[in-house]
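Read the structure below first, then the notes.
The values are calculated or read from the model by the stated rules, or taken from the named source; none is laboratory data. Computed from a predicted model, the values in this text were never measured in an experiment. As a convention, Cβ positions derive from the backbone with ideal geometry for all residues, glycine included, and neighbour counts pool all protein chains shown. Side chains are part of the model used for accessible areas, which takes the heavy atoms of the whole protein and leaves out ligands, DNA and RNA. Shrake-Rupley method; radii C 1.70, N 1.55, O 1.52, S 1.80 Å.
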Amino acid sequence: MPPVRHDRHSVVDCALRLLDRVGLPDLSMRRLATELDVQPSALYWHFASKQELLAAVAERILDTIPAPDAATSLADTAGSIRDALLAYRDGAEVVMSTYALRLGTRRAQDALGASLGDADQTAADAVFEFVLGHTTLLQQRMHAQSIGAVAPDAADPTAHADEVFDAGIRAFGSLSAARSPR
């Protein structure tokens, strides 16, 4: 049987499966190559670095958010971004790491900017960073609970996560509306 040929899409598919199975700390190029039954150097044919691969993974994670549309509410856009991040183990951390290095597209920020009706992307970036931080907190708490690292009687900072998320998005919407020219 001839060896399977991989393209960027299939490598990202495999990276997402591995991400869900082992998490970001254990998602290495070597492990990915083993999973694909290729030499690690073969991955560099498709991606110049692990960060470039993670940027492609982040883009795939965010692919499900709606295209920028002024008719979509800020709450719906922010919620769709949070849902996309939560769909994958460590999804927020992957997206945050590529955002910090300014790799990948601005799909999420553009969608938020359209929802804010704001040509100034600073507000969209602020909301995106809030969504990333909020979702990272949720995912870290879920991971800690899954490995038994949380005492059963410990206070849960995520107990009212939906209410906190909604309040934050409302606050951003109010601030944006207050600074918009009339």
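For the stretch 92-182, what class follows from the C-alpha gyration tensor (a ≥ b ≥ c being the square roots of its eigenvalues): rounded when a/c is under 1.5, otherwise prolate if a/b is larger than b/c, else oblate?
On the way: a/c = 4.18, a/b = 1.67, b/c = 2.50.
Cα axes put the stretch 92-182 in the oblate bin.
For the chain, complete DSSP H runs whose alpha carbons reach 15 Å or more along their own long axis and whose mean Kyte-Doolittle score is 0.0 or higher are 8-22, 50-62, 74-86, 161-179. Would the stretch 135-179 count as rounded, prolate or oblate if I go by the C-alpha gyration tensor, calling it rounded below 1.5 in a/c and otherwise prolate when a/b exceeds b/c, oblate otherwise? Cα axes put the stretch 135-179 in the prolate bin. A Cα-only calculation for the chain places Rg and Dmax at 18.4, 68 Å.
Grab the Cα-Cα distance for residue 155 and residue 8, subtract it from 0.36 nm times how many residues apart they are, and report the gain in nm with one decimal.
Working: separation 147, 0.36 × 147 = 52.92 nm, distance 4.30 nm.
Going from the current span to full extension adds 48.6 nm.
Summarise the accessible area of the chain (1.4 Å probe, protein heavy atoms) by the percent that is carbon and sulfur.
Details: 5610 of 10080 Å².
On the chain, the fraction of accessible area on carbon and sulfur atoms equals 56 percent.
Sorting 25-31, 47-53 by their mean Cβ neighbour count within 10 Å, with the most densely packed peptide first, gives 47-53, 25-31. Against the compact-protein benchmark of 2.2 N^0.38 Å, the Cα-based radius of gyration of the stretch 66-120 scales to 1.14.
Starting from the Kirkwood radius over alpha-carbon pairs of the stretch 33-114, derive D by Stokes-Einstein at 4 °C in a medium of 1.567 mPa s and give it in µm² s⁻¹.
Values: Rh = 13.7 Å.
The diffusion coefficient I find is 94 µm²/s.
Calculated accessible area for the chain comes out at 55 Å² per residue, all protein chains present (probe 1.4 Å; ligands, DNA, RNA ignored).
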